[in-house]
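K.L.:
Following this message is one structure expressed as structure tokens.
Every number in this text was worked out from the coordinates using simple rules, so none of it is lab data. All values reported here derive from a predicted model rather than from experimental measurement. Please note: Cβ atoms are built from the backbone with ideal geometry, for glycine as well, and neighbour counts cover all protein chains shown.
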Amino acid sequence: MIELSGLTKVYNQGRPNQVEALRGVDLAIADGRVTVLRGPSGSGKTTLLTLIGCLARPTTGRIRIDGETVSGLPERFLTQVRRRTFGFVFQRFNLVRGLSALDNVMLPALPLGVAHRRLKEKAFALLDHFGIAERAGLAVESLSGGEAQRVAIARALINDPAVVIADEPTASLDGERVGQFIAIADELKRSGKTVLITSHDPRITRAAIVDTLVTMADGRIVEGTP
Amino acid sequence: MHPALERRRHLLDFAVRSLARRPTKNLGLVVVYALVVFLLASVMLFGAAIRREASTMLAQGPEITAQAMVMGRHDLARTADVEALRGLRGVRRVEPRLWGYLWDSAGAANYTLMVPPASDPARRVAKGKAVVGEGVARARKLAVGKMLFLVSPSGRFLRTTVTEILPASTALVSSDLVLLEESDFRAFFELPAGVWTDVALVVANPAEVKTVAEKASLRLPGFRFVTRADMARTAEALFSWREGLALALLAGALLAFVILAFDKASGLSAEEKREIGILKAIGWETSDVIALKLWEGGLVSGFAFLIGVVAAWGHVFLFSAGLFEPVLKGWSTLYPRLALEPSIDALELATLGVLTVVPYIAAILVPVWRTASTDPDAVMR
Amino acid sequence: MIFHPPILALIGASALSGTVLAASAGFAARLLAKWDPASGSERQIGLERTTYLVSTVVAFVLVVEAVSLVLFAFNADRMAPLFVGAMCAVGSLNASPWGFPTLWAKIVVFFAAFVWLVIDRVDNRTRDYALIRVKYAGLLILAPLVLAEAGLELAYFLDLKADTITSCCGKLFGEGKPDIGGDLASLDPRLALGLLGGGLAVAVGLGLAAPRHRLAAVLHGLAAVAVFGFALAAIVAAIGPYIYEQPHHHCPFCILKREYGHVGFALYLPLFLATGAGLASGVLAALPPPASLAAAMPTVQRRLTRVSIGGFLLFALVAGTAIGRSGLALLG
């Protein structure tokens, strides 16, 4: 369970270009469910995502994950929490160019000192599960959009996280691919993972798998807090 | 393997592949780095080799050299002085020596004219003949059998035939030497019999040298006594100083390189910045990225150091350090052509490492940290 | 005397270390004034981020100081022929009143940096930066130490003058030079070895008790420093002569040389490591114990004392072997 209370995030504090991205957010995300955050650009949903996923610290407020307060943790502990709890699928996939699909999938686990062979086998198994095993050795620049997304999802799963976060996952996909993504999200949910998606794509927000829909505007939640 | 070791292995592996993915940038840096190492290593290897040569050669000289002094300047020794020294206990042999300098306008150089010591009969020069060093031979285009004409400051003329040119292996101390027969020498410099330039003392027991010198100075208070150890020390200090001076002059090059390193480490391309951001976002800690970047720096240093040292070794020992001879060898215009004994030691390598690798790593520390401190959420925005 | 390559390298390295630590000390002062871990403000995040740089910098300085210490000793040995009466490094160091103080300063800086890094590591394991104030206050002490060491080293090299021939000089060298011997060399070898053995026993005993008892850990730290001193004295008075098989050769540096199989490294490396670990253990135990470390501290102490005890035992083994194999009979 992820609990957020009174979260605010201010960028460029005290400077002329100060921005209040979040203005007091309270939210609870239940385990094993699919939650979608929607809202126009500038509504703060991406910022909220970064805070939930421990990519940044809130200016004020508290974040608790399974009862443990993580918002005040030093960076290295925050990273450890992030590594073991969250897997990220970014909007632009953010795969490292010049590396193969397999190498990209292994990246998050390298600093953990996992034995090389075991890691390679696991990464390969994930790619195989998503049907792109034969592309494992190819540089990621030569993959199609759908294939790249599946590599990104495999990468997000390499450390067996409990929560998978996807930021605008369907932004660059056609209808068929959107359906494939929804199927993957459903599979993750059924395997017990919590899925958190930001999207303003109606194909996602209205999908049957969505358990909770949260609407944001102007740094606040306007609809859908449980 | 232990996770900590496995982690290190992964980071090193990633560092190698990271460097390979940007060949132009990294190769350029390695080349400049290697050049800096090459320059410094050349100076150090050369200087050290010269010092070794000099000390080996000095080891063959007399233990004590006695010189008469008048008004603080060098005076000639007389037979009576030589006899006074013969009686000293501990002195195996007393050898009065004849030698002097001559400015030769034909060769535009200073020569050292000398009469070989009586104790070395193999070196004896016959009247009308001369043995010259390889520098003199070069300056006056001499060969065995050719004539050597010398003119003294007072206008005295000496005609000799060259019978031998001294080997290049002794060039460091013999390059400007002209060995003559005693009567030729005295006639040329208008020296009467019974005067000598200085006196060499051969001491039986090396531990006694200091005591013998002390006793001798009591017997001949107007003389100064220079021991072989004194000369060795002076030569060592002088060559070392010159080497250090040359290095200090190269400090400019080193500084320029350090600035380049800082610049390269700071000026990441957009692609590189993106990559670091991704690493941070997918779970790499700041310390992981710092470790990665330091491994990259270490690899670059390692390659550059190796290439630079090997190239310098080749430059100094295979090509006789063509670039540096003038600075380090000469106090005369007759630069000897030396083939140096190749060698290298740990102190030199360590010094070189501290002079090159340490400044490089220091230069990249702040840029590496700044890079590694990228906000992980930067990739989201 | 500056323009010798190893000297240029040493002065450069010290200057670099001093500069980066002085900058770090500036940051330390700022951190101590503004630190607020509960805050999520950009200033706090900036401070936390900069602590990574400082940790990396101090680790860098530690490595440079370690290399510099070895280079200093070897260079002193290499320079010995330039000074009349100097037969090895001891002579070079005695050629100026700043010589030995520089060496001691380098050793102190090494240990100070070592202890700081251990505390840094321990602090990084806590979730609330339990030791950060202590750590950065410590940096305000470390920085002046490094600067002082750099200053002493510069003074030493500036003061050194090779005994070279000058044109007007008619006198002999060697008159009036201070004797190279010392009090350490005249120490009774039996006493030296006895002190060393006793000190080792006490240090090991305290080290075994340290993970469970805070006082034992503190005393272990003190004992480690004492053993370091006894070990140096023993090397000069007894172990060295045994290795050289020469009752009057007391130099603590010549054992590093090739002709003695570089056995000096096998003695000094474990000694320095053991002393550093023991000292770190003592310092950690002496600090007021933070709550967040209460569970982890015994493990940390165990690891440190393991290194400390292991290092001292290894030193004893190497020394004992060297004495046993020596052809000299010093005590009989």
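K.L.:
Within the set A:9/A:189; A:122/A:189; A:189/B:280, which residue pairs have Cα atoms separated by over 22 Å?
P.N.:
A:9/A:189; A:189/B:280
K.L.:
Quick one: which residues, 5 or more positions from residue B:109 or on another chain, have an amide H under 5 Å from its amide H? H modelled 1.01 Å from N in the peptide plane, none for Pro or chain starts.
P.N.:
B:104
K.L.:
Could you go through the range B:224-241 in sequence order and give the Karplus-derived ³J(HN,Hα) for each residue, using 6.51 cos²θ - 1.76 cosθ + 1.60 with θ = phi - 60°, rounded to whole Hz, and x for Gly and Pro?
P.N.:
Ordered by residue, 3J(HN,Hα) equals 10, 10, 9, 8, 4, 4, 4, 5, 4, 5, 4, 4, 4, 5, 5, 4, 5, 5 Hz.
K.L.:
Round to a whole angstrom and tell me the spacing of the C-alpha centers of the range C:89-155 and the range B:164-202.
P.N.:
The distance from the Cα centre of the range C:89-155 to that of the range B:164-202 comes to 58 Å.
K.L.:
Distance cut-off 28 Å, Cα to Cα: go down the list B:129/B:215; A:45/B:293; C:106/C:135 and report the pairs above it.
P.N.:
Violating the 28 Å Cα-Cα cut-off are B:129/B:215; A:45/B:293.
K.L.:
So what are the ³J(HN,Hα) numbers for the range C:147-153, from phi and the Karplus equation (6.51, -1.76, 1.60; θ = phi - 60°), rounded to whole Hz, Gly and Pro as x?
P.N.:
Running phi through 6.51 cos²θ - 1.76 cosθ + 1.60 with θ = phi - 60° gives 5, 4, 4, 4, x, 4, 4 Hz.
K.L.:
Then there's this: Quick check on the range A:2-223: take the gyration tensor over C-alpha atoms, sort the square-rooted eigenvalues as a ≥ b ≥ c, and tell me if it's rounded (a/c under 1.5), prolate or oblate. Let's see the in-between values first.
P.N.:
On the way: a/c = 1.75, a/b = 1.41, b/c = 1.24.
Prolate, since a/c reaches 1.5 and a/b exceeds b/c.
K.L.:
Between residue C:140 and residue C:161, what length comes free when the chain is fully extended (0.36 nm per residue of separation minus the Cα-Cα distance, one decimal in nm)?
P.N.:
Here the answer is 4.1 nm.
K.L.:
Let me ask another. Could you give the nm distance between label points at residue A:92 and residue A:186, where each point is 7 Å from its Cα heading toward the beta carbon?
P.N.:
The two pseudo-label positions are separated by 3.2 nm.
K.L.:
Another question, then. Pairs of Cα atoms under 8 Å, at least six residues apart: use those to get the relative contact order of chain A, whole percent.
P.N.:
31 percent.
K.L.:
Return the percentage of antiparallel bridges among DSSP beta bridges fully within the protein assembly as shown, rounded to the nearest 5 %. Can you show the working numbers first?
P.N.:
Numbers: 52 of 76 bridges.
Of the beta bridges lying entirely in the protein assembly as shown, close to 70 percent run antiparallel.
K.L.:
Quick one: which residues, 5+ away or cross-chain, put their amide H under 5 Å from the amide H of residue B:203? H built at 1.01 Å from N.
P.N.:
Under 5 Å from the amide H of residue B:203 lie the amide H atoms of B:63, B:64, B:92, each far enough along the sequence or on another chain.
K.L.:
Another question, if that's okay. Is chain B best put as rounded, prolate or oblate by its Cα gyration tensor, with a ≥ b ≥ c the root eigenvalues, rounded for a/c under 1.5, and otherwise prolate when a/b is larger than b/c, oblate when not?
P.N.:
Prolate shape, in that a/c is at least 1.5 and a/b is the bigger ratio.
K.L.:
Separate question: Of all the stretches in chain A, which is the longest one without any exposed loop site, taking trypsin sites (Lys or Arg not before Pro) in a DSSP loop (any state but H, G, I, E, B) with at most 16 other Cβ atoms within 10 Å? Could you put the intermediate results ahead of the total?
P.N.:
On the way: sites that count: A:33, A:92, A:97, A:206.
Longest run free of exposed loop sites: A:98-205.
K.L.:
Quick one: what are the phi-derived ³J(HN,Hα) couplings along the range C:37-54, Karplus 6.51/-1.76/1.60 with θ = phi - 60°, whole Hz, x for glycine and proline?
P.N.:
Karplus values, whole Hz, x for Gly and Pro: x, 6, 7, x, 5, 5, 5, 5, 4, x, 4, 4, 4, 5, 4, 4, 4, 4.
K.L.:
7 Å from Cα along Cα→Cβ at both residue A:139 and residue C:43: what's the point-to-point distance in nm?
P.N.:
Here the answer is 4.7 nm between the modelled labels.
K.L.:
A follow-up question, please. Mind sorting C:272, C:228 by how few other Cβ atoms lie within 10 Å of their own Cβ, fewest first?
P.N.:
Taking fewest neighbouring Cβ atoms as first place, the list is C:272, C:228.
K.L.:
Please compute the net charge surrounding residue C:17, taking Lys and Arg as +1 and Asp and Glu as -1 over other residues with Cβ under 13 Å from its Cβ.
P.N.:
Numbers: positive: C:106; negative: C:65, C:149, C:153.
The answer is -2.
K.L.:
For the range A:107-141 and the range B:247-279, what is the separation of their C-alpha centers, rounded to whole Å?
P.N.:
What the calculation gives is 33 Å, centre to centre.
K.L.:
What do you get when you divide the Cα radius of gyration of the protein assembly as shown by 2.2 N^0.38 Å, with N the number of residues?
P.N.:
1.25
K.L.:
Here is a further query. Excluding same-chain residues fewer than 8 positions from residue B:210, which lysines have a Cα within less than 22 Å of its Cα?
P.N.:
C:161, C:171, C:177
K.L.:
Also: Show which aspartates and glutamates lie in cross-link reach of residue B:141 when reach means a straight Cα distance below 14 angstrom and same-chain residues fewer than eight apart are skipped.
P.N.:
B:104, B:164, B:176
K.L.:
Which trypsin sites (Lys or Arg not before Pro) in the range C:1-103 sit in a loop by DSSP (not H, G, I, E or B) and have at most 12 other Cβ atoms within 10 Å of their own Cβ? Don't jump to the answer; show the numbers that get you there.
P.N.:
Numbers: sites: C:30, C:34, C:43, C:49, C:78; in loops: none.
Qualifying residues, ordered by number: none.
K.L.:
At q = 0.15, 0.24, 0.28 Å⁻¹, what is the log10 ratio I(q)/I(0) for the range B:232-298, with the Debye formula run over Cα points and no solvent?
P.N.:
Values returned for q = 0.15, 0.24, 0.28 Å⁻¹ are -0.67, -1.04, -1.16.
K.L.:
While we're here: Apply 1/(1 + (r/R0)^6) to the Cβ-Cβ distance of residue B:263 and residue B:8, taking R0 = 30 Å, and write down the FRET efficiency to the nearest 0.05. Don't skip to the answer; put the middle values down first.
P.N.:
Numbers: r = 28 Å, r/R0 = 0.95.
Efficiency at R0 = 30 Å is approximately 0.60.
K.L.:
Just to be sure I understand: with springs between alpha-carbon atoms less than 10 Å apart, which residue in B:133, B:302, B:28 has the highest mean-square fluctuation in the Gaussian network model of chain B?
P.N.:
Taking springs between Cα atoms under 10 Å, the residue moving most is B:28.
K.L.:
Here's something else I'd like to know. Between residue B:25 and residue B:204, what is the label-to-label distance in nm when each label sits 7 Å out along the Cα-to-Cβ direction?
P.N.:
Using points 7 Å along Cα→Cβ, the separation is 7.5 nm.
K.L.:
Please enumerate, by chain and number, the aspartates and glutamates with C-alpha under 20 Å from the C-alpha of residue B:264, excluding those fewer than 8 residues away in the same chain.
P.N.:
B:272, B:275, B:296
K.L.:
Using the beta-carbon distance between residue C:33 and residue B:141 and R0 = 51 Å, what value does 1/(1 + (r/R0)^6) give for FRET efficiency, to the nearest 0.05?
P.N.:
Step by step, r from the Cβ atoms, then E = 0.05.
K.L.:
Suppose R0 equals 22 Å. What FRET efficiency, 1/(1 + (r/R0)^6) with r the Cβ-Cβ distance, do residue C:133 and residue C:286 give to the nearest 0.05?
P.N.:
0.90
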